[in-house]
Every structure is written in structure tokens, then in C-alpha cells.
1. Work out the FRET efficiency for LYS85 and SER196 from their Cβ-Cβ distance, taking R0 = 35 Å, and round it to the nearest 0.05.
2. Are any of the pairs LYS63/LYS139; LYS166/LYS190; LYS64/LYS190; LYS10/LYS72; LYS114/LYS190 more than 29 Å apart by Cα-Cα distance, and if so, which?
3. Compute log10 of I(q)/I(0) for the range 88-206 with the Debye formula, placing one identical point scatterer on every Cα and leaving out solvent, at q = 0.15 Å⁻¹, to two decimals.
4. Net charge near GLY36, counting Lys/Arg +1 and Asp/Glu -1 over other residues with Cβ under 15 Å of its Cβ?
5. Local charge sum around ILE169 (other residues, Cβ-Cβ under 12 Å, Lys/Arg +1, Asp/Glu -1)?
6. Under the 0.36 nm per residue contour assumption, what length would be gained going from the current alpha-carbon distance of SER57 and GLN181 to full extension?
7. THR164 versus THR135, label points 7 Å from Cα toward the beta carbon: distance in nm?
8. Starting from the Cα-Cα distance between LYS21 and LYS72, subtract it from 0.36 nm times their residue separation and give me the gain in nm to one decimal.
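We did not get these values from a lab; they are worked out from the coordinates using the rules stated. No experiment lies behind these values; they were computed from the predicted model shown. Counting neighbours? That spans all protein chains shown, and the Cβs are built from the backbone with ideal geometry, glycine included.
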Amino acid sequence: MGVIPPILLKSGAVEIAKIMKTISGGNVLDVASGNGDFIVMLIDALKDYESFTGIDSNKKEIKKAKKNLAGKSVKIHLMNAEKLKFDDNKFDFVCLANSLHHLENMNEVLCEIKRVLKPSGYLIIQEMFCDGNQTEAQKTDITSHTLGAEIDNILGIYHQKTYTKKTIIGIIEELNLREFQVYESSRYLKCLFCSSNQQCEDPLNEDLINFAIKEL
Ligand SMILES: C[S@@+](CC[C@H](N)C(=O)[O-])C[C@H]1O[C@@H](n2cnc3c(N)ncnc32)[C@H](O)[C@@H]1O
């Protein structure tokens with residue numbers, strides 16, 4: 001992980017990373033894996049694992065993920081999470097990262113996730129939320145996300161605005177899991193493993209400013 005910048009150290013991400021390092025992933029499924037960034041992070045974050053599989057319903061994201069994960073032993077499939085083509089109880093560890101608010105038929109997807117997850121398995125849901133004490137950076141992220149969601153909706157792409165913490169916890173409670181724990185971080189866990197995390201502390205960093213402008 002290298003030297004961790006102070007803001008990242010205070011974010012809550014380190015606490016989550018410590019817990020992740022105690023977990024053997026076994027057979028891992030990343031649902032709505034997008035460009036594969038969450039899998040890249042998990043490869044570093046987990047104690048160990050047997051296999052990684054990612055699925056996404058967007059062809060362009062699948063192409064990006066295959067490029068991003070080239071050389072790594074990860075299976076990537078084009079698949080709708082509402083109908084997972086896997087046997088019951090196949091996976092030890094299932095993740096849904098930054099995607100809850102992208103799911104048009106959320107209940108179907110969550111039902112499928114429970115079906116393919118072993119009863120003793122882990123389900124990791126990472127989701128941004130819009131309420132509570134937020135840093136200025138988080139507030140900016142939410143504002144640009146709201147704009148992104150509005151643009152997607154105009155284009156006919158399903159995309160909800162950022163949920164509140166209560167809404168997310170309510171969705172998880174409905175799953176009737178054996179137990180669940182909630183952890184908060186003002187920074188993404190992947191920042192801990194990013195080689196550029198020192199530059200992110202500099203608000204005048206040109207790459208960051210250009211990235212934000214490009215996003216907008
Ligand atoms: C914001 S991206 C998250 C990507 C990745 N998990 C990450 O954290 O970097 C949301 C993803 O959800 C995918 N998605 C939305 N609905 C889906 C569905 N029904 N089945 C599979 N993927 C879906 C989209 O294609 C998109 O790649």
C-alpha cells in the first residue's frame with residue numbers, strides 16, 4: 001500500500017481494508033463489474049482467493065474490463081444480473097459495487113445474488129450515499145453524480161440519484177441476511193492501492209482538475 005496520505009488515513013478506508021485482509025475470498029463474483037476496477041482492488045485487498053468472475057450487461061464495459069484485467073486470471077462475461085447463468089450456491093463472495101442505483105430491477109438482481117451466494121458466504125455492497133456529514137469532496141462528487149444521472153435519464157439509461165444511507169440500509173435489511181455490518185469511508189477503498197494517491201491530496205493537481213472537467 002505504501003505511505004498512506006493523511007486524508008486517506010482518516011477516511012475510514014484503512015479500517016475496511018484491515019477487515020478485507022482477514023477474508024479468504026474463495027470463488028468471487030463481481031456483479032455489474034463495469035470496467036473491472038473493483039476486481040483490481042479486490043485482488044490486492046483480500047487475504048487470498050481461488051477465482052474471480054465479473055459480469056456486466058454492457059458490451060463496452062466488458063471490453064474495458066477485459067483490457068483492464070489483461071494478464072490476470074479473471075473470467076469476464078456479458079450477462080444480465082437479473083438472470084445469472086450460474087448454479088445455486090456457486091460463490092463464496094459476491095460484490096455489488098457502486099451499482100445499486102443503476103439497477104432497473106433491483107429486487108430481481110438481489111434475489112439472483114442470494115441464489116448464487118453460498119449460505120455461509122460474504123456479500124459486499126459498496127454504495128455512495130448523499131446524507132450525513134460529508135466532506136467537500138464528497139459533496140462535489142454527489143453534485144456531479146446527480147448531473148450524470150440526469151443526463152443518463154434523458155438518454156434513456158436507468159440511473160438513480162445517490163441514495164440516502166437509510167434507503168441503502170433498508171434495502172440490505174430486506175435481504176434477511178444472517179448478519180450485516182455497515183462501514184463508512186469518505187474515500188474509495190481502491191484509493192489505498194492506487195499509485196497516484198499522493199497526488200490526489202493536491203487540489204491544484206492538473207490531472208485531477210482535467211479529469212473533473214472531462215467528467216462534467
Ligand atoms: C457505475 S458502474 C459500476 C462498475 C463497477 N462495479 C465499479 O465499481 O467500478 C455500474 C454498472 O452496472 C451495470 N449494470 C446495470 N444494470 C445491470 C444489470 N441488470 N446486469 C448487469 N450489469 C448491470 C452497468 O452496465 C455498469 O457497468
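1. Numbers: r = 37 Å, r/R0 = 1.05.
Once the sixth-power term is evaluated, E becomes 0.45.
2. Working: LYS63/LYS139 31 Å; LYS166/LYS190 24 Å; LYS64/LYS190 18 Å; LYS10/LYS72 31 Å; LYS114/LYS190 25 Å.
The pairs that break the limit, which is 29 Å between Cα atoms, are LYS63/LYS139; LYS10/LYS72.
3. -0.84
4. Details: positive: LYS59, LYS60, LYS63, LYS64, LYS66, LYS67, LYS72, LYS75, LYS190; negative: ASP30, ASP37, ASP44, ASP56, GLU61.
In short, +4.
5. Numbers: positive: LYS165, LYS166; negative: GLU127, ASP131, GLU173, GLU174, GLU184.
With Lys, Arg at +1 and Asp, Glu at -1, the neighbours total -3.
6. On the way: separation 124, 0.36 × 124 = 44.64 nm, distance 2.85 nm.
That pair, SER57 and GLN181, stretches by 41.8 nm at full extension.
7. 2.4
8. Details: separation 51, 0.36 × 51 = 18.36 nm, distance 1.97 nm.
Stretched out fully, the LYS21 to LYS72 stretch lengthens by 16.4 nm.
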